[in-house]
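K.L.:
Have a look at this one before I ask anything.
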Amino acid sequence: MEYLKNICNQFQIEQPVLKTNIIASGHINDTYLINCSNDLKYILQNINNQVFNNLKDIISNKVLVTNHLKNEYDKISSTYQTASFIKSKKDTYYIEAYQGFWTLMEYIPNSKTIERAENEKQVFEAGKLFGNFISSTTTLDTDCIIETLPEFHSVPCRFLHFEAALKKASPVRMNHAKQLIDFVYKHKEEMFQLSELKNKNTFPLRVTHNDTKMSNILFNKGDNGLAIIDLDTVMPGIVHFDFGDSIRSICSNTVEDSEDLEQTFINMNFYNIYCKGFASETSMMFTPKEIEYLPLAVKTLIYIIGLRFLTDYLNNDVYYKTAYKTHNLVRAKNQMKLLQSVIENFDEVKAITYSNFNLKNIS
């Protein structure tokens, strides 16, 4: 792809580009592995301007948090790494070309991504690394981070989008989604609670990643966590956003678009292991109220993603990349089945959470 080489050559890299390969993961952005001479590699990303309309702010957040993490890791000689950004020849961290915004990052060698957790070590390392992200950014003032996607994890906001989609949806799609629509309304009241508590300032604002899925972690060959990637959605938020979404991604027994609903349930062993890793980095810094509502966060974030998939299906698939006509419907069914499993196991979810975070006297 000659145009990708032209884009790379607008950044401050010395070696010529030899080869480009697309990296297929991700619902939103287009990402490429760039191979240069002398075995140098970079990650080139085209940020989706149909989803994000304030790209300069998003890139500013990404660079600020990346640099902060690098400084924190250097202070303690941490084994964790960051994918630092390369400046353009115009001294910016992005370029505008081919009707898009592009960034170039350093490639972290000897690393791999994992779409789905394969063993307990990966789960523990994921919990530890996402927890470390929260703890390492406590020294970064949230006022410095721009809220680029207001109400991104707000159930009331997502519900308004859902009801707007209902009014415009085709009868065929409405009919196919009827059971899901009923399920969404059945659990609406409980799922509004976390947003209401946030709006009452019940929890401290923290720097949150907001897309804490397994594939946004780099591991080494020994399954040790190396780095967190994909900082497009970094914003001020509450820890429940990151905790709940990571459980949704990492502790489900199936991938999010599996049609095998009989096998879609929360893996309680993985949940316990993940909590251990996450708590090892965060339990001493969280308030009792934050810990108390972590179990509700698991329910809420699964609900939000399921609701977003359902809304996009009703809107004829305008947001998420899809491979077939019912892809978003399948995703929505999968998430709501996962939520049903959490509901059925909620007493155990709470017991595991409070034990790992050393919270007592919660009824």
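K.L.:
Cβ-Cβ distance below 6 Å, separation of 6 or more or different chains: which pairs start in segment 9-22 with a residue that is assigned to a loop (DSSP other than H, G, I, E, B) and end on one that is hydroxyl-bearing (Ser, Thr, Tyr)?
P.N.:
Hits for this filter: GLN10/SER88; GLN15/SER37; PRO16/SER37.
K.L.:
Please find, within segment 214-235, the residue that is most open to solvent (accessible area, probe 1.4 Å) out of those that are touching a residue at least 40 places away in the same chain (Cβ under 8 Å) and more than 14 Å from the chain's Cα centre (by Cα).
P.N.:
Once the filter is applied, the top-ranked residue is LYS221.
K.L.:
(1) under 19 Å from TYR293 (Cβ atoms); (2) out of contact with any Ser or Thr (no Cβ under 6 Å at 6 or more places or on another chain); (3) touching a residue at least 40 places away in the same chain (Cβ under 8 Å); (4) open to solvent by 10 Å² or more (accessible area, probe 1.4 Å): which one isn't true of THR208, the others all being true?
P.N.:
Unmet for THR208, out of (1) under 19 Å from TYR293 (Cβ atoms); (2) out of contact with any Ser or Thr (no Cβ under 6 Å at 6 or more places or on another chain); (3) touching a residue at least 40 places away in the same chain (Cβ under 8 Å); (4) open to solvent by 10 Å² or more (accessible area, probe 1.4 Å): (4).
K.L.:
Let me ask something else about it. Given the residues LYS128, LYS121, which is the only one that is under 21 Å from the mean Cα position of the chain (by Cα), at pLDDT 95 or above, surrounded by 20 or more Cβ atoms within 10 Å (Cβ to Cβ) and among the charged types (D, E, K, R)?
P.N.:
LYS128
K.L.:
Name the residue that is surrounded by the most Cβ atoms within 10 Å (Cβ to Cβ), counting only residues in segment 236-272 that are in contact with a Phe, Trp or Tyr (Cβ under 9 Å, 6 or more places away or on another chain) and hydroxyl-bearing (Ser, Thr, Tyr).
P.N.:
Only one residue tops the list, namely SER246.
K.L.:
A further question on this structure: Given LEU338, LEU329, LEU301, which one is closer than 30 Å to TYR80 by Cα and surrounded by 15 or more Cβ atoms within 10 Å (Cβ to Cβ)?
P.N.:
LEU301
K.L.:
Another question, then. Between a residue in segment 182-196 that is closer than 19 Å to PHE241 by Cβ and assigned to a helix (DSSP H, G or I) and any residue that is of a type in the set (Lys, Arg) and open to solvent by less than 80 Å² (accessible area, probe 1.4 Å), which pairs come within a Cβ distance under 9 Å, given they are 6 or more apart or on different chains?
P.N.:
Correct list of pairs: GLU190/LYS299; MET191/LYS299; LEU194/LYS299.
K.L.:
Considering only residues that are over 29 Å from ASN316 (Cβ atoms) and within 20 Å of the chain's Cα centre (by Cα), look in segment 141-173 and name the one that is surrounded by the most Cβ atoms within 10 Å (Cβ to Cβ).
P.N.:
The residue in question is ILE145.
K.L.:
Something else now. Name the residues in segment 77-114 that are within 14 Å of LEU55 (Cβ to Cβ), hydrophobic (A, V, I, L, M, F, W, C) and touching a residue at least 40 places away in the same chain (Cβ under 8 Å), would you?
P.N.:
Of everything in segment 77-114, those that are within 14 Å of LEU55 (Cβ to Cβ), hydrophobic (A, V, I, L, M, F, W, C) and touching a residue at least 40 places away in the same chain (Cβ under 8 Å) turn out to be ILE95, ALA97, PHE101, TRP102.
K.L.:
Could you tell me how many of the residues in segment 95-109 are open to solvent by less than 80 Å² (accessible area, probe 1.4 Å), in contact with a strand residue (DSSP E or B) (Cβ under 7 Å, 6 or more places away or on another chain) and in a strand (DSSP E or B)?
P.N.:
7
K.L.:
Which residues, counting only those in segment 71-92, are aromatic (Phe, Trp, Tyr) and more than 22 Å from ASN6 (Cβ to Cβ)?
P.N.:
Result: TYR73, TYR80.
K.L.:
Quick check, is ASN175 in contact with an Asp or Glu (Cβ under 6 Å, 6 or more places away or on another chain) and outside any loop (DSSP other than H, G, I, E, B)?
P.N.:
no
K.L.:
Another question, then. Using the structure shown, decide if ASN315 is open to solvent by 10 Å² or more (accessible area, probe 1.4 Å), more than 18 Å from the chain's Cα centre (by Cα), over 16 Å from LEU180 (Cα atoms) and not aromatic (Phe, Trp, Tyr).
P.N.:
Spelling it out, it is not the case that ASN315 is open to solvent by 10 Å² or more (accessible area, probe 1.4 Å), more than 18 Å from the chain's Cα centre (by Cα), over 16 Å from LEU180 (Cα atoms) and not aromatic (Phe, Trp, Tyr).
K.L.:
Run SER78 past the list (1) over 27 Å from ARG116 (Cα atoms); (2) modelled with pLDDT of 90 or more; (3) not in a helix (DSSP H, G or I) and report the number of the one that doesn't hold.
P.N.:
Among (1) over 27 Å from ARG116 (Cα atoms); (2) modelled with pLDDT of 90 or more; (3) not in a helix (DSSP H, G or I), SER78 violates only (1).
The values are calculated or read from the model by the stated rules, or taken from the named source; none is laboratory data. What you see is a predicted model, and the numbers here were worked out from it, not measured in a lab. All Cβ positions, even for glycine, are placed from backbone atoms using ideal geometry, and neighbour counts span all protein chains on display. These accessible areas exclude ligands, DNA and RNA; they are computed on the full protein's heavy atoms, side chains included. Shrake-Rupley method; radii C 1.70, N 1.55, O 1.52, S 1.80 Å.
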